[in-house]
Amino acid sequence: MRTASPQPPTASAPSAAPPGARSRVLPFWANPRLGLVIVIAALVALFSSLSPAFLDPKLTLAPLQADVSVYVVVGLAQLAVLSLGHMNMAVGRMAALSTFAMGLAYDRLGVPLLVGLAIGLAVGAAIGALAGLVIAKTGVNSFVVTLALDFGLLGLVTILYTQATDGVAFAVKPAGLAELRFDTFADYCAGELCGPRVPLVVPFALVAALGVGLLFRFARLGREILMTGANPVAAELSGIPTHRRIVAAHATSGLLAALAGFMLAANNGAFSASIGESFLLPSFLAPVLGGTLLAGGAVSVLGTVLGATLTQVIYKGLNLLQFSLEELKLYIGLVLLAALSLDRLRAVLAERRAVSSS
Amino acid sequence: MSIVLSAEKLVKTFPGVRALDQATLTLTAGSVHALLGENGAGKSTLIKLLTGVYRPDGGRVLLAGPDGPQEVHFGSPQDAQRAGVGVVHQERNLIPAFSVAENICLQHLPRRKGLVDRARVRSEARRCLELLDVDIDPDTPVSRLSVAQMQLVEIAKALSADSKVLLLDEPTASLTGDEADRLYAIVRRLRDQGHAVVLVSHKLEEIFAVADTVTVLRDGRSVAEAEPLARHSRDQIVDLMVGRAYQEVRLPQRTVDPSAEPALVLDGVSTSAGHHDVGLTVRPGEILGLYGLVGAGRSELAKALLGLEQITAGEVRVHGKTARIRDVGDALRRHRIGYVTENRKEEGLFLDQTIARNIAVTVWRRLSRLGLVRDRAERALVADYTERLGIRLASPDQLAGQLSGGNQQKVSLAKWLAADCDILIIDEPTVGIDVRTKAAFHELIAGLAEQGMAILLISSDLPEMITLADRIAVMRDFAVAGELVNDHEYDRMSQAVIRLIHGSQEAA
Ligand SMILES: Nc1ncnc2c1ncn2[C@@H]1O[C@H](COP(=O)(O)OP(=O)(O)OP(=O)(O)O)[C@@H](O)[C@H]1O
Ligand SMILES: [Mg+2]
């Protein structure tokens, strides 16, 4: 037994890091976003070597960008409530109801394209807010509430379409819809200078991504939503109006679902009852692949963009290689499972390396 | 005396922090060993290394075996427990919805034909509890136990049939004096049965009463190793922890203007939580202490005041005006009342958010323009408060959950100081806080009062109460049993307070 030799009195302020402190960070490849970029690049290389048509701007790249745009917004719609640790099982049907409202406005009121969009967004936000209100007031799990809502909306949308249309879609084509569907910026020139071959719907997704990014990174509202997701009790005891934040997050989700519905309608060229049917699974895949936690409290917008890109690249590539629809589903499922496990594996390896290298 | 476990030159680095730097610990059978150090000195980290929660970056752990000491590498807490090293961590680790028995047997559920053997779970748990001589029904869900009972269940869970070492990380931080005494009686018995018990605590009086030897950590290094405690005075130990001659802080003399208009008045308040006819008055610049046993309804009163429980009768007045407070946000913005919660892990902190966000969350409104939080203003505010409270961190972007327990407590206070209130309710501010920081906290709280803040101090720490409060209101069974003017004479005040708690009629 011994006492350490008496140390000279150190006047270290308690806030100073202990001596010998040095910083150590996880290796760069532990970042899930970077992993996604690499996987996307590898798949693009693979698909274009198997089928040169994959790099055809008109045939593949432009439609791919249009699809990615839709599913980025779909992913963001889910991300808006994942921030709370909630789920929105009704993303697809919220989109369907909102696009019905848009179609009705164009058909019966003859409103211009953007006014119809605004109406649809308002409907989406309202139905989302309703879901949020029920969840906040009753305390029932968001999964259950939105699942029930989804079921109800499924019936409602079908009834509405049979009442207002031939049962499937609105026949009306508002001015500008065709351009949104077929044009790229390359079709618009100022003298000799034409834009890039980027479809006109892409800016919608960009604005949505920037807006959501701004919301969660800098806006008080978004940060308070994240805090509510991280620890609802502490959030309430810190003076955050948690109920209102829950409503706001779900309203944002509904609004983004409506936007995605509009973009899909533009890509398809019709406001139809089937819009939103394909939204649910991709809405989770994009954010989760991008590193957003299901537990709430943390989101990644960039990751969602990359996650949506990955799923659509896979889809387009397999489609081009002429896989049947059933095969397509099977392989997408497998590839995504592989991507997710790889992601997990990478995280574990990085952690282990960080531990042993220090 | 035989050495059961020795840890040699343990090193552990976290991003930005070397938590342990060649720390050494030697444990002998049949003794209680105190592990002391300031907040963030590395005590909990050392315990986690010894029980397989973390793996050391350097150094080794030797455990006594049948043929001499053997180096061990615990891959998981289960490994450690199987080798006879049990632990009760600083943070609670029970599953509230499970029964006592299930919690005790969680690590090694007895099975029959692949299914959990419920009868054996119960009998084994009963045996564990009897070993400790505690009387808790194994079928009760843990959520219905008191904090003290939970602590005993944790100990029962940590012990196994052939356990040799028991590590207790601040087991009495949230227990009352009586409850702590009972826990220490069990510790002594385990010692007499030949266990080596390690005890981490910031309550030095308790350490001196039960421990035989002491190791002091400072900045991750052992500065005293397994010394007999009897050789040291309390002051010497504190000096070792702090690293220099430590001087007691003298609190400023404050005088409260008795004619000043009260900042906060509770007039005959009854609540849905069960309070009846509570009357309290706090003036600007005054510290009103609210003392009582755990369960007397003090935190619940604070919550009722903030609108989390309903006020069913009586009236609350803030600065002379009747106030109906809806929620914490309302209290903060309309009445400038803040509430530092007692329970930092569940109620006070966002453990997986950054320290910066934890501190700034109450003031984002003030820091934002057009709904966007101004980053620079936030950074400046956070830097200001981490510095003022001496929060030991690598970076404000670190997660709050990575801080040591005491530093977490400081963060939960910092966010309310930042909120700039007139009236502050502080619930158990120094639970789990080291001697020096505790004194700094006392100085800080007294300083806030001196600047004119009205403070309602809830504390179960009687010396703290008598040091800080101007008046002490004693609560019993959701009502005020009496109120005393504090003359800071410890012996007389403590007797008067205890008399009120036990319900004698004469109130001073
Ligand atoms: N998981 C972690 N990640 C990063 N840093 C950590 C982690 N755990 C502990 N630390 C840091 O290591 C240092 C030692 O922490 P530790 O919890 O061991 O302190 P302690 O002596 O138990 O303090 P207290 O008395 O406050 O409980 C602190 O600076 C703390 O911030
Ligand atoms: Mg600790």
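The values are calculated or read from the model by the stated rules, or taken from the named source; none is laboratory data. Quantities reported herein were computed from a predicted structural model and do not represent experimental measurements. Don't worry about glycine lacking a Cβ; one is built from the backbone with ideal geometry, like all the others, and counts go over all protein chains shown. When the accessible area is computed, the model is the full protein with side chains, heavy atoms only, and any ligands, DNA or RNA have been set aside. Shrake-Rupley method; radii C 1.70, N 1.55, O 1.52, S 1.80 Å.
Counting Cβ atoms of other protein chains within 10 Å of each Cβ in B:235-244 and taking the mean gives 2. Taking all protein chains as they are arranged and a probe of 1.4 Å, the heavy atoms of A:VAL68 leave approximately 20 Å² accessible to solvent. Only helices enter the 222 nm calculation for chain A: every DSSP H run of n ≥ 4 contributes -39,500 (n - 2.57), and dividing by all residues gives -22000 deg cm²/dmol, rounded to 500.
Expressed as a whole percent, the proportion of Cα-Cα pairs in segment A:29-73 lying more than 18 Å apart is 41%.
Solvent-accessible surface of the protein assembly as shown, taken per residue with a 1.4 Å probe and all protein chains present: 44 Å².
Here the calculated FRET efficiency for B:ARG324 and B:GLU261, from their Cβ-Cβ distance with R0 = 22 Å, stands at 0.65, rounded to the nearest 0.05. Other residues lying with their Cβ under 13 Å from the Cβ of B:ARG254 contribute a combined charge of -2, Lys and Arg counting +1, Asp and Glu -1.
Rg and Dmax, both from the Cα atoms of segment A:143-296 and both in Å, are 19.4, 61. Once amide H atoms are built 1.01 Å from N in the peptide plane, which residues 5 or more positions from B:ARG221, or in another chain, come under 5 Å H to H? Those lying under 5 Å, H to H, from B:ARG221 are B:ASP21. Neighbouring Cβ atoms from other chains, within 10 Å of the Cβ of residues in B:359-371, number 3 on average. When the GluC sites (Glu not before Pro) in segment B:441-508 are filtered for DSSP coil states and for at most 13 other beta-carbon atoms within 10 Å of their beta-carbon, the remaining sites are B:GLU489, B:GLU506. Sequence-distant contacts, meaning Cα pairs under 8 Å at least 6 residues apart, place the relative contact order of segment B:347-420 at 49 percent. Calculated over segment B:3-242, the projected area of the Cα convex hull averaged across directions stands at 13.5 nm². Taking the protein heavy atoms of chain B in the context of the full set of protein chains, the accessible area attributed to carbon and sulfur is 48 percent at 1.4 Å. Plainly put, chain A has a radius of gyration that is 1.07 times its Kirkwood radius, both from alpha-carbon atoms, as the Rg/Rh ratio.
Remark: segment B:370-494 is approximated by an ellipsoid whose semi-axes, taken from the C-alpha gyration tensor as √(5λ), come to 31, 17, 13 Å, largest first. Once the mean of 1/r is taken over each pair of separate Cα atoms and inverted, segment B:241-367 shows a Kirkwood hydrodynamic radius of 17.1 Å. Which pairs in the list B:LYS43/B:LYS164; B:LYS43/B:LYS438; B:LYS12/B:LYS43; B:LYS12/B:LYS203 are over 22 Å apart, alpha-carbon to alpha-carbon? Cα-Cα > 22 Å for B:LYS12/B:LYS203; rest within. Our coupling estimate for segment B:358-372, obtained by passing each phi through the Karplus curve with A = 6.51, B = -1.76, C = 1.60 and θ = phi - 60°, is 4, 7, 8, 4, 6, 10, 4, 4, 6, 8, 10, 10, 6, x, 9 Hz, Gly and Pro reported as x.
Near B:VAL214, the amide H atoms lying under 5 Å from its own belong to B:ALA34, B:ALA226, B:GLU227, B:LEU229; only residues 5 or more places off or on other chains count, and H is placed 1.01 Å from N. Computed 3J(HN,Hα) for segment A:57-65, one whole-Hz value per residue from the Karplus formula 6.51 cos²θ - 1.76 cosθ + 1.60 where θ = phi - 60°, is x, 6, 6, 10, 5, 5, x, 4, 4, glycine and proline marked x. The angle between the Cα long axis of helix B:435-450 and the longest principal axis of the Cα atoms of chain B comes to about 10 degrees, rounded to the nearest 10.
Let me know the mean shielding of B:15-27 by other chains, meaning the per-residue number of their Cβ atoms within 10 Å of its Cβ.
3
A Stokes-Einstein calculation at 25 °C with viscosity 0.890 mPa s, built on the Kirkwood radius of chain B over Cα pairs, returns a diffusion coefficient of 100 µm²/s. With an 8 Å Cα cut-off and a minimum separation of 6 or more residues, compute the relative contact order for segment B:3-242 in percent. About 29 percent, as a whole number. Based on DSSP H segments of at least four residues, each scored -39500 (n - 2.57), chain B has a per-residue ellipticity at 222 nm of -9500 deg cm²/dmol. Over segment A:52-344, Cα pairs under 8 Å with separation of 6+ residues give a relative contact order of 34 percent. Checking Cβ-Cβ separations below 4.7 Å across the protein assembly as shown identifies B:CYS105, B:CYS128, B:CYS421 as cysteines lacking any candidate disulfide partner. Peptide packing for B:44-57, A:94-107 was compared via the average number of neighbouring C-beta atoms within 10 Å per residue; ordered from the highest value, the list is A:94-107, B:44-57. Note on B:SER272/A:SER278: beta-carbon distance plugged into 1/(1 + (r/R0)^6) with R0 of 51 Å gives a FRET efficiency of 0.55.
For B:LYS157, the lysines whose Cα comes closer than 17 Å to its Cα, not counting residues fewer than 8 places off in the same chain, are B:LYS48.
In this calculation the C-beta distance from B:ASP135 to A:LEU156 is compared with R0 = 56 Å, giving a FRET efficiency of 0.40.
Could you compute how fast the protein assembly as shown diffuses translationally, taking Rh as the Kirkwood radius over C-alpha pairs and applying Stokes-Einstein at 20 °C with viscosity 1.002 mPa s? Give it in µm² per second. Each step should come with its number before you reach the end.
Details: Rh = 30.6 Å.
Here the translational diffusion coefficient equals 70 µm²/s.
Along segment A:315-322 the Karplus relation, 6.51 cos²θ - 1.76 cosθ + 1.60 evaluated at θ = phi - 60°, assigns HN-Hα couplings of 4, 4, x, 5, 4, 5, 7, 6 Hz to successive residues, with x for each Gly and Pro.
Taking the dipole about the Cα centre of segment B:1-128, with the C-beta of Lys and Arg at +1 and of Asp and Glu at -1, give me whichever of B:TYR54, B:GLN81, B:VAL32 is farthest to the positive side. Comparing the listed Cα positions along the dipole, B:GLN81 ranks first. Put simply, chains A and B cover up around 4100 Å² of each other's accessible surface, both sides summed, when a 1.4 Å probe is used. Divide the volume of the convex hull around the Cα atoms of segment B:347-420 by the residue count and you get 82 Å³ per residue. Highest mean packing comes first when the peptides A:116-123, A:49-56 are listed by Cβ atoms within 10 Å, giving A:116-123, A:49-56. Taking the 0 to 90 degree range and rounding to the nearest ten, how far is the long axis of helix A:32-50 tilted relative to the main principal axis of chain A, both from C-alpha atoms? Computed tilt is about 50 degrees. Given a 1.4 Å probe and the protein chains as shown, A:SER341 ends up with an accessible area of around 70 Å². Charge tally for B:ARG298 (other residues, Cβ to Cβ under 12 Å; Lys, Arg +1; Asp, Glu -1): -3. Computed over every Cα-Cα pair of segment B:120-227 and binned at 10 Å starting from 0, the pair-distance distribution P(r) comes out as 12, 44, 31, 10, 2 percent. For segment B:43-161, the C-alpha radius of gyration sits at 1.15 times the compact-globule guess of 2.2 N^0.38 Å, with N the residue count. With K and R counted +1 and D and E -1, the other residues having a Cβ less than 12 Å from that of B:GLY194 yield a net charge of +1. Straight-line reach from B:LYS9: taking Cα to Cα under 15 Å and skipping same-chain neighbours fewer than 8 places apart, the aspartates and glutamates in range are B:ASP21, B:ASP57, B:GLU71, B:ASP219, B:GLU225. The long axis of helix B:405-418 is offset from the longest Cα principal axis of chain B by roughly 20 degrees. Pairwise Cα distances in segment A:207-338 exceed 27 Å in 31 percent of cases.
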